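What follows is a short report on a single structure.
Readers should treat all values here as calculations from the given coordinates under stated rules, not as data from a laboratory. All values reported here derive from a predicted model rather than from experimental measurement. A quick note on method: Cβ atoms are made from the backbone with ideal geometry, for glycine too, and the neighbour counts reach across all protein chains shown.
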Amino acid sequence: MPQMIYLDHNATTPPLPEVIEEVTRVMRDCFGNPGSRHREGRKARQILEECRENIAGRLGALPSELIFTSGGTESNNLALRGLADVATPHQAAAGPGDPSPVIVISPGEHPSIAQVCRALAERGWQSHQLPVDSSGRLQFKDLPATTRLAAVILAHNETGAIQDIKPLAETCRSNGIPLHLDAVQAVGKIPVNFRSLAATTLSFGAHKFHGPRGIGGLLIKEGTKFSPLHYGGHQEAARRAGTEPVPLIAGMALALELWQQRQAWHSVRLEQLRDHFQTVLCDRCSPAVVNGIDAWRLPNTLNISFPGVDGEALLVALDLDGIACSLGTTCASGATEPAPILVAMGLTTDLYRSAVRFSLSFLNTHAELEEAADRIARVVAALRKPA
Ligand SMILES: Cc1ncc(COP(=O)(O)O)c(C=O)c1O
């Protein structure tokens, strides 16, 4: 069996040894319920609040603006439903002639946004998709008159395209429309500052940046009216009931801290690695098309089409050859539908059917990528050969 080369870090990342150690330490030494008033509880509470301060500070937010959740999916659900409930509290009672409230989104939102929009449609909401150009960049001009909410993926999981959300954020702010940013692929990959992005809410999850799975966060701008998703205790300022998993939160805080420490050199090196890998693949697997090439992209992401090759067959063959990569969204695995963002970018059928995503991490080496390019070139050539 060839040695596995893991190039699927937008799906998930391995937790760093330091993170595993920190989670274990806190689980062992600070097991108390942070809601308890005795010493064990106070010890856990102290760690929890230190982590809140630490993480919020690194993301340009106030500690009181951060609530902990189980990850990106929950944060996205919580944000959209929490904001939508406040935007249209009496929608169920709306008359037949009343205009529908509109939620504005970008094409290719993650299912944890897209499916919430579907659920909101049952309550009378309409979704309005902003257009993107052929590299996946948002083409924002204006908003429909009855827009009550907007949600945009800040960095795309498939293409890595990073949106310039300033014009949209300004329009939302001047019209009093809440704006949610799905920053699950951005946090821990590029610097993210909640205050300067001027969003109302922003979601992230630790397993995308070498933290533990099952923990994430939602930033909610101070003073925002917001209703909780489920009911229970008064944890997280009564916005997210449930005993906080302090060990996972401590692991997430450390993972983010470690990322920030290495961020400057790490991003440059990663981008160089990715660009080199991209050049080699384009050269050795010609014809090949890089999707989103003109966009500002995450430094670790390469979405590339190999015309004439079936993406599914390529994925299977690469897996057999020890390359872990992805096509479509991993979260929707099993689905053979093309990634909606690639369709919205106007790719031809041959291009989106042959598109694969390689997503790197600082753990990948130059030698590994050379080896990966060798194997990919071999497999692509074999699949292109007429039977
Ligand atoms: C852009 C985006 N949003 C949300 C999610 C969901 O995050 P989680 O896996 O933490 O639930 C993902 C996961 O791939 C994602 O890429």
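Which whole number of Å³ per residue matches the convex hull of the alpha-carbon atoms in the chain?
It comes to 143 Å³ per residue, whole-number rounded.
Taking the mean number of other Cβ atoms within 10 Å as a proxy for protection, how do you rank 354-362, 198-206, 375-383 from highest to lowest? If you can, show how the numbers build up before the last one.
On the way: 354-362: 24.6, 198-206: 27.1, 375-383: 17.9.
Highest-to-lowest ranking by the protection proxy: 198-206, 354-362, 375-383.
For the chain, what is the calculated [θ] at 222 nm in deg cm²/dmol (nearest 500), taking -39500 (n - 2.57) for each run of four or more DSSP H residues and dividing by its residue count?
-12500 deg cm²/dmol
Take peptides 14-25, 107-118, 240-251 and line them up by average Cβ neighbours within 10 Å, highest first, as a rough protection proxy. Could the numbers behind the result be given before it?
Working: 14-25: 16.8, 107-118: 19.8, 240-251: 21.7.
Highest mean packing first, the order is 240-251, 107-118, 14-25.
At what distance in angstrom do the alpha carbon centres of region 126-147 and region 280-332 lie from each other?
27
Stick to the Cα atoms of region 125-195, pair each with every other, and give me the Kirkwood hydrodynamic radius in Å at one decimal. Can you show the working numbers first?
Values: mean 1/r = 0.0770 Å⁻¹.
Mean inverse Cα-Cα distance, inverted, gives 13.0 Å.
Please report Rg (one decimal) and Dmax (integer) in Å for the Cα set of region 175-244.
When restricted to Cα atoms, region 175-244 yields Rg and Dmax of 13.3, 38 Å.
Quick one: length gained pulling SER64 to LYS141 fully straight, 0.36 nm per residue minus the C-alpha distance?
Contour length minus the Cα-Cα distance gives 24.4 nm.
First obtain the Kirkwood hydrodynamic radius of region 230-283 from its Cα pairs, then insert it into the Stokes-Einstein equation at 4 °C and 1.567 mPa s, and state the resulting D in µm² per second as a whole number.
89
Per 10 Å bin, what is the whole-percent P(r) computed from every C-alpha pair distance within region 260-322?
19, 43, 29, 9, 0
Just to be sure I understand: if I project the alpha-carbon convex hull of region 1-123 onto a plane and average over all orientations, what area do I get in nm²?
Details: hull surface 52.6 nm².
Orientation-averaged projected area of the Cα hull: 13.2 nm².
Run the numbers for ASP275 and ARG375: contour at 0.36 nm per residue of separation, minus the present Cα-Cα distance, in nm.
Values: separation 100, 0.36 × 100 = 36.00 nm, distance 1.77 nm.
Stretched out fully, the ASP275 to ARG375 stretch lengthens by 34.2 nm.
Could you grab the relative contact order for the chain? Cα pairs under 8 Å, six or more apart, rounded to a whole percent.
Here the relative contact order equals 24 percent.
Just name one of PRO111, THR146, GLY216: the one whose Cα is farthest towards the positive end of the charge dipole of region 93-247 (beta-carbon charges, Lys/Arg +1, Asp/Glu -1).
It is GLY216.
For region 1-102, what is the charge dipole size about the Cα centre, in debye to the nearest 20, if Lys and Arg each add +1 at the Cβ and Asp and Glu each add -1 at the Cβ?
With Lys and Arg at +1 and Asp and Glu at -1, about 420 debye.
Expressed in nm to one decimal, what extension gain is obtained for the pair GLN115 and THR24 from 0.36 nm per residue of sequence separation less their Cα-Cα distance?
Roughly 29.3 nm would be gained on extension.
Rounded to whole Å and sorted largest first, list the principal axis extents of the Cα atoms in region 1-67.
Cα extents, longest axis first: 54, 31, 15 Å.
Helix by helix, which DSSP H runs in the chain go 30 Å or more along their axis at the Cα atoms and have an average Kyte-Doolittle hydropathy of -1.0 or more?
What comes out of the filter, once short or polar helices are dropped, is 246-284.
Which peptide among 162-170, 30-38, 214-222 comes first, and what is the full order, when sorted by highest mean count of other Cβ atoms within 10 Å?
Top to bottom by mean Cβ count within 10 Å: 214-222, 162-170, 30-38.
Can you compute the equivalent ellipsoid semi-axes for region 240-356, i.e. the square root of 5 times each eigenvalue of the Cα gyration tensor, sorted largest first and rounded to whole Å?
31, 20, 14
Restricting attention to the alpha-carbon atoms of region 170-328, what are Rg (one decimal) and Dmax (integer), both in Å?
Expressed in Å, the Cα Rg and Dmax of region 170-328 come to 19.8, 58.
Applying 1/(1 + (r/R0)^6) with R0 = 51 Å to the Cβ-Cβ distance of GLN3 and ASP98, what FRET efficiency is obtained, to the nearest 0.05?
Rounded to the nearest 0.05, the efficiency is 0.25.
With each label point set 7 Å from Cα along the Cα-Cβ vector, what nm distance links LEU320 and THR348?
A separation of 2.8 nm, rounded to one decimal place.
Mind jotting down the distance between the C-alpha centroids of region 346-384 and region 1-62, whole Å?
33
Relative contact order (percent) for region 155-208, with alpha-carbon contacts under 8 angstrom and 6 or more residues of separation?
The value is 38 percent.
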